[in-house]
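A short worksheet on the structure shown next.
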Amino acid sequence: MAAPGRRGAALFQAVLGVWQLGPVAGREWATRLTLSLGFQRKCVSCVAGAASPGPLLASASRRYGQSSALDRFLGLCQPDSSLTPGVPAVPVHKDEQDLLLVHHPDMPENPRVLRVVLLGAPNAGKSTLSNQLLGRKVFPVSKKVHTTRCRALGVITEKEAQVILLDTPGLISPIKQKRHHLELSLLEDPWKSMESADLVVVLVDVSDKWTRNQLSPQVLQCLTQFSQVPSILVMNKVDCLKQKSVLLELTAALTDGVVNGKKLKMRQAFSSQLGTHCPSPAAKGPNTQSVGRPQRTGWPHFQEIFMLSALSQEDVKTLKQYLLAQARPGPWEFHSGVLTSQTPEEICTNMIREKLLEHLPQEVPYNVQQKTVVWEEGPSGELVIVQKLLVPKESHVRILIGPKGHLISQIAQEVGRDLMNIFLCDVQLRLSVKLLQ
């Protein structure tokens, strides 16, 4: 087996040859390239330290077909009705992902583009919504805060429109960042994303009765500083509300009683059905402002309001169609085969971290350091990943391994299933736990 570095260099040179030789000769080169990669697409269950057949995973070739992202990139893929339409897989090799990211966009005659920033408090559901909009889970999701540690980019491409999603960490204050020794990226990345945004989506968790009545000071500060950027309000987790009538009161509070320049009236018929897009009232004038509030708790410049559950594909579809419709004439930034700017290794690390947050108690998952030591093709063509989990305390080692190794095995299985659905190939994931020296 060729070393990953040499294979990556050969891959880069071969694809450059395809571009230079043209479509006919390119297909011959691509055939040789596919044989040299030798990447088979079968399916296994993932456990800690081994791969064994099992009922948890269906055959990847049956479910998804044989086409890789590189096949689609070169125009060699075969149609497969079982594959989710328009949703590419993420390449398993960093070289292939890098090629897609730098390749000239295959845009149509009249391309349109929209850069969207998702803002919200920690754990508002931004990553869940991003995954649903993309049609494939590429961002980590957890009930614990600060799952997203830095800016992550996703790309939706349908027909002539391309929507670029910037999934940002939850907005926090400098005091919290210092108090909890969090990365500086959690504080800075949302602000950096706003500089290039065409539209801001503010997400509010309406199931949290302690925070749902007002926008956080950090969100309001960000909206105020970039007031020239259009914004919409998405009220998330409405399926958790027993009384849907509370949505009317929350709408008035979160918008300061003004939407698209029109003063709201409580008798106005906002639909409380899940996944319903609440059209903004016709504007009377651009200078209409809310009055009587000494301190702002909402944002009176939202153009639209959406009420949905990010877990529901049908609910999210309405928002997705709205975003695609808002795309403006302009060149695409990415090839249609790009789903995310993350490297395969970053995706894997984030997915493992998601499971650590989900299964480990209190502060334990936040103290785990991750180190990928193997990322290569196995003897049967499967993707072999070995990652070390380094923890500071002996007690954390025992917690993470679990009784008879069941917990670490469960985490490996769950991450393996997620990675199979992201890369559309076999994955053999091995996790080891070591005490940090």
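Considering every residue within segment 285-295, establish whether at least one is at pLDDT 90 or above, loosely packed, with under 15 Cβ neighbours inside 10 Å, in a loop (DSSP other than H, G, I, E, B) and over 19 Å from the mean Cα position of the chain (by Cα). Give the steps one after another, and end with the answer.
So in segment 285-295, the residues at pLDDT 90 or above come out as none.
No, segment 285-295 contains no residue that is at pLDDT 90 or above, loosely packed, with under 15 Cβ neighbours inside 10 Å, in a loop (DSSP other than H, G, I, E, B) and over 19 Å from the mean Cα position of the chain (by Cα).
Would you check if there is a residue in segment 49-67 being at pLDDT 90 or above, in a loop (DSSP other than H, G, I, E, B) and either within 19 Å of residue 417 (Cβ to Cβ) or open to solvent by less than 40 Å² (accessible area, probe 1.4 Å) (or both)?
Step one: filter segment 49-67 for residues at pLDDT 90 or above, giving none.
No, because not a single residue in segment 49-67 is at pLDDT 90 or above, in a loop (DSSP other than H, G, I, E, B) and either within 19 Å of residue 417 (Cβ to Cβ) or open to solvent by less than 40 Å² (accessible area, probe 1.4 Å) (or both).
Consider residue 435 against the criteria (1) open to solvent by less than 60 Å² (accessible area, probe 1.4 Å); (2) at pLDDT below 95; (3) not β-branched (Val, Ile, Thr): it satisfies all of them except one. Which criterion is unmet?
(1)
Can you tell me which residue among 114, 119 is part of a strand (DSSP E or B), open to solvent by less than 20 Å² (accessible area, probe 1.4 Å), in contact with a helix residue (DSSP H, G or I) (Cβ under 8 Å, 6 or more places away or on another chain) and modelled with pLDDT under 90? Can you show your working first?
Details: 114 fails: modelled with pLDDT under 90.
Being part of a strand (DSSP E or B), open to solvent by less than 20 Å² (accessible area, probe 1.4 Å), in contact with a helix residue (DSSP H, G or I) (Cβ under 8 Å, 6 or more places away or on another chain) and modelled with pLDDT under 90 holds for just one of 114, 119, which is 119.
If a residue has to be in a loop (DSSP other than H, G, I, E, B), surrounded by 20 or more Cβ atoms within 10 Å (Cβ to Cβ) and among the charged types (D, E, K, R) to count, how many in segment 308-366 make the cut?
The total comes to 0.
Residue 195: modelled with pLDDT of 50 or more and among the charged types (D, E, K, R), yes or no?
Details: modelled with pLDDT of 50 or more: yes; among the charged types (D, E, K, R): yes.
For residue 195, the condition - modelled with pLDDT of 50 or more and among the charged types (D, E, K, R) - is met.
Conditions tested, residue by residue: (1) touching a residue at least 60 places away in the same chain (Cβ under 8 Å); (2) surrounded by fewer than 20 Cβ atoms within 10 Å (Cβ to Cβ); (3) over 20 Å from residue 309 (Cα atoms).
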{"site": "224", "(1), (2), (3)": "no, yes, yes"}
{"site": "234", "(1), (2), (3)": "yes, no, no"}
{"site": "244", "(1), (2), (3)": "no, yes, no"}
{"site": "248", "(1), (2), (3)": "no, yes, no"}
{"site": "261", "(1), (2), (3)": "no, yes, yes"}
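When the residues of segment 224-240 are narrowed to those that are assigned to a loop (DSSP other than H, G, I, E, B) and in contact with a helix residue (DSSP H, G or I) (Cβ under 7 Å, 6 or more places away or on another chain), which ends up farthest from residue 132 (Cα to Cα)? Steps first, answer last, please.
Step one: filter segment 224-240 for residues assigned to a loop (DSSP other than H, G, I, E, B), giving 226-230, 237.
Checking which are in contact with a helix residue (DSSP H, G or I) (Cβ under 7 Å, 6 or more places away or on another chain) leaves us with 226, 229.
Working: 226: 27, 229: 24 Å.
Only one residue tops the list, namely 226.
The values are calculated or read from the model by the stated rules, or taken from the named source; none is laboratory data. It should be emphasised that the depicted structure is a prediction, and the values quoted were computed from it without experimental measurement. Methodologically, a virtual Cβ is constructed for each residue, glycine included, from the backbone with ideal geometry; neighbour enumeration extends over all protein chains shown. The area values use the complete protein model at the heavy-atom level, side chains included, leaving out ligands, DNA and RNA. Shrake-Rupley method; radii C 1.70, N 1.55, O 1.52, S 1.80 Å.
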